[in-house]
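First up is the structure itself, then whatever we jot down about it.
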Amino acid sequence: MIINHPLLGPRDAAEFVYLGDASLMNRPEWKGEEASDEQTEKTLDAYHDYLYIRENKAGEHKELWYHEQGDRSWLIVTRNTITHGISKVELARDIAVANQAKGESKK
Amino acid sequence: MRYSALRVIKEALTGHKGWEPVWRSPEPKKHYDVIIVGGGGHGLATAHYLANQYGINNVAVLEKGWIGGGNVGRNTTIIRSNYLLPENEPFYEYSMKLWEGLEQDTNYNSMVSQRGILNLYHSDGQRDAFVRRGNGMLMAGSDAEILDQDGVRELYPFLDFENARFPIKGGLLHKRGGTVRHDAVAWGYARGADSKGVDIIQNCEVTGFDIKDGVCTGVKTTKGDIGANKIAVCVAGSSSRVMAQAGMNLPIESQVLQAFVTEGLKPVLPGVVTFGAGHFYVSQSDKGGLVFGGDLDGYNSYAQRGNLPVVEDVCEGGIAIMPAIGRVKLLRSWGGIMDMSMDGSPFIDRTHIKGLYFNGGWCYGGFKATPASGMCYAHLLATDTPHEFAKGFKLDRFRRGGMIDEKGVGAQPNLH
Ligand SMILES: Cc1cc2nc3c(=O)[nH]c(=O)nc-3n(C[C@H](O)[C@H](O)[C@H](O)COP(=O)(O)OP(=O)(O)OC[C@H]3O[C@@H](n4cnc5c(N)ncnc54)[C@H](O)[C@@H]3O)c2cc1C
């Protein structure tokens, strides 16, 4: 597989380390100091799902790849798990910053 | 029809006209006591033991393709009982004991060959880890023997002992481990189940579940709706796809594992050998081909084929311990979809939906588990209580902190 790095151009996937589903970027909020038992249970459920449960889609899949043998950037690759065809590659940083900005504007 | 030496002679003398199909091809009934989704090794073993051990034979196995076309017919056929953790090793030892009696039980030649497995070690630390593992195996009633370099030389004199980077210092020998003719396992179990009245229905894909008020009462299939009291899903690499139809997400990622076979050679390799410094394992099939494999490709995949970096890595591993195979030609390679779980261990459990059961998460080690998986799943279906050797294989174990992580690498499926 060839990953078209947004900064470095086409690179062999063997240069990268695969982490998994891009939803791993969306870590849930930890419970507050004064959380009730109910809130604690909820937080633990959210963490359980975040850490262990995967949609594991057949088809288009957004996933995290780390360019360890290159510029050490994290990429979000949109790849079809049935054909291995890659349709989009983005810098994870750009997405994280954009998400943060969205979160800030909501507050 | 029972198979026997006498029968073979009789058929030989009468022009082989008396052989019958190994199983029937019935049309599905409207309703069964138990429907098993997936006609792989585990599904067929479950049906066999349900009918033969638990007296439940109003059972259908629904297979979307043909039986034996999934991982049960794609793996490198290694069976072993050399796990470490107390939730795993008694289960795999039980499986080994069932393998030892399989051919008598199913009256089918599955070519169970206990030719021994040797895990090589290359450093003192690795030796110590193998001593610990060997003790764990002995405690569960399995067999284990630590060999020093001379011991390994006696068995496999042609290995590259003086390799500059990874000299071979010795190995952990598990004599009862070995190989089994993989698709004969599927056929033998199919025959065993069919002979007791189980319907094996091929080209019948499950496309949905009938679930109402938290109770599952049947499945939708490409051959129409079929009702059942209990529905047992057992679809290995397709686990997430099938369970999504019941609205469930699982602690599983599907990834591709490749395997390779060379041209046929004269007998060179008496047992199974694994490299301890890279990932490579090899045995020789009865046809003479070297059958080998290594790491997962390492990313989510539902394509039953992998990529070239793994081909290179696996072949390098092979050359590192067996330089003699350098000129052997590779004949074929293929891939299968692994249901990689978050701790590398499987699930045999009920779901929160009444009547719906799940068996999966076998990673790349489910072939050896086939008999015990079938027996434990049949036990669960028949009694609604977990089998004593499958108590740890629960779906909620991550929430309770009950992970069974042999490698200790955490929730990273491509590292298990
Ligand atoms: C290359 C490779 C090497 C391996 N080597 C080893 C080894 O040496 N030792 C070992 O112990 N294990 C090994 N394994 C793992 C082992 O093969 C699997 O863990 C095991 O076979 C999985 O169980 P199964 O036989 O029931 O799966 P499968 O044979 O895959 O059965 C699942 C079945 O479900 C069917 N199915 C899927 N969706 C549906 C649907 N919607 N409706 C109906 N049917 C459906 C599929 O068609 C398939 O036939 C290897 C696997 C691979 C790919």
Any idea which residue in the range B:34-83 is farthest from the other protein chains (Cβ to nearest Cβ), counting only those that are within 6 Å of the ligand (Cβ to nearest atom) and of a type in the set (A, V, I, L, M, F, W, C)?
B:Ile78
Does the range B:127-165 hold any residues that are surrounded by 19 or more Cβ atoms within 10 Å (Cβ to Cβ) and in contact (Cβ under 8 Å) with a residue 60 or more places away in the chain, and which are they?
B:Ser142, B:Ala144, B:Tyr156, B:Leu159
Read through the list (1) assigned to a loop (DSSP other than H, G, I, E, B); (2) more than 15 Å from the chain's Cα centre (by Cα), then give the number of the only condition that A:Ser87 fails.
(1)
Inside the range B:328-375, the number of residues satisfying the requirement of being assigned to a loop (DSSP other than H, G, I, E, B), under 19 Å from B:Phe209 (Cβ atoms) and among the small types (Gly, Ala, Ser) is 1
Give the residue that is surrounded by the most Cβ atoms within 10 Å (Cβ to Cβ), with candidates limited to residues of the range A:50-61 that are in a helix (DSSP H, G or I) and at the interface with another protein chain (Cβ under 8 Å from one of its Cβ atoms).
A:Tyr52
Meets criteria (touching a Leu at 6+ places or on another chain (Cβ under 7 Å), among the β-branched types (Val, Ile, Thr) and either surrounded by fewer than 16 Cβ atoms within 10 Å (Cβ to Cβ) or more than 11 Å from every other protein chain (Cβ to nearest Cβ) (or both)) for A:Val89
yes
Condition check: within 27 Å of B:Asp343 (Cβ to Cβ), among the acidic types (Asp, Glu) and facing chain B (nearest Cβ under 8 Å). Does A:Asp21 satisfy that?
yes
Given (1) surrounded by fewer than 18 Cβ atoms within 10 Å (Cβ to Cβ); (2) modelled with pLDDT under 95, B:Asp405 misses just (2)
Can you run down the residue pairs with Cβ atoms below 6 Å, 6 or more apart or on separate chains, where the first is in the range B:63-89 and of a type in the set (Gly, Ala, Ser) and the partner is within 6 Å of the ligand (Cβ to nearest atom) and part of a loop (DSSP other than H, G, I, E, B)?
B:Gly70/B:Gly40
Is it true that some residue in the range B:309-319 is within 12 Å of the ligand (Cβ to nearest atom) and either buried (at least 16 other Cβ atoms within 10 Å of the Cβ) or within 13 Å of chain A (Cβ to nearest Cβ) (or both)?
yes
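Checking the structure you have, find out if any residue of the range B:205-224 is among the β-branched types (Val, Ile, Thr) and within 12 Å of another protein chain (Cβ to nearest Cβ).
So far as the range B:205-224 goes, no, none of its residues is among the β-branched types (Val, Ile, Thr) and within 12 Å of another protein chain (Cβ to nearest Cβ).
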Name every residue in the range B:346-377 that is within 11 Å of the ligand (Cβ to nearest atom), under 20 Å from B:Arg241 (Cα atoms) and more than 13 Å from chain A (Cβ to nearest Cβ), in order of residue number.
B:Pro346, B:Asn359, B:Trp362, B:Cys363, B:Tyr364, B:Gly366
What number of residues within the range B:378-409 satisfy the criterion of being in contact with a strand residue (DSSP E or B) (Cβ under 6 Å, 6 or more places away or on another chain), more than 14 Å from chain A (Cβ to nearest Cβ) and assigned to a loop (DSSP other than H, G, I, E, B)?
1
Hey, does the range A:26-44 have a residue that's of a type outside the set (A, V, I, L, M, F, W, C), within 14 Å of another protein chain (Cβ to nearest Cβ) and surrounded by 13 or more Cβ atoms within 10 Å (Cβ to Cβ)?
yes
So, first residue closer than 19 Å to B:Gly73 by Cα in the range B:326-355, second residue acidic (Asp, Glu), Cβ within less than 6 Å, six or more apart or across chains; the pairs are B:Leu331/B:Glu263; B:Met340/B:Glu253
Only residues that are within 9 Å of the ligand (Cβ to nearest atom) and within 13 Å of chain A (Cβ to nearest Cβ): list them for the range B:325-345, please.
B:Gly335, B:Ile337, B:Met338, B:Asp339
Only unsatisfied item for B:Asp105, checking (1) out of contact with any Ser or Thr (no Cβ under 8 Å at 6 or more places or on another chain); (2) outside any helix (DSSP H, G or I); (3) of a type in the set (Asp, Glu), is (2)
Residues that are in contact with a Cys (Cβ under 9 Å, 6 or more places away or on another chain): which helices (runs of 4 or more DSSP H) entirely in the range B:117-208 hold 2 or more of them?
none
I need every pair where a residue in the range A:1-19 that is charged (D, E, K, R) has its Cβ under 6 Å from the Cβ of a residue that is modelled with pLDDT of 95 or more, sequence separation at least 6 or different chains.
A:Arg11/A:Ile3; A:Arg11/A:His5; A:Glu15/A:Gln69; A:Glu15/A:Gly70
Could you please find all residues in the range B:271-306 being assigned to a loop (DSSP other than H, G, I, E, B), hydrophobic (A, V, I, L, M, F, W, C) and more than 10 Å from every other protein chain (Cβ to nearest Cβ)?
B:Phe275, B:Ala277, B:Phe280
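The values are calculated or read from the model by the stated rules, or taken from the named source; none is laboratory data. It should be emphasised that the depicted structure is a prediction, and the values quoted were computed from it without experimental measurement. For neighbour counting, all protein chains shown are included, and Cβ atoms are generated from backbone atoms with ideal geometry for every residue, glycine included.
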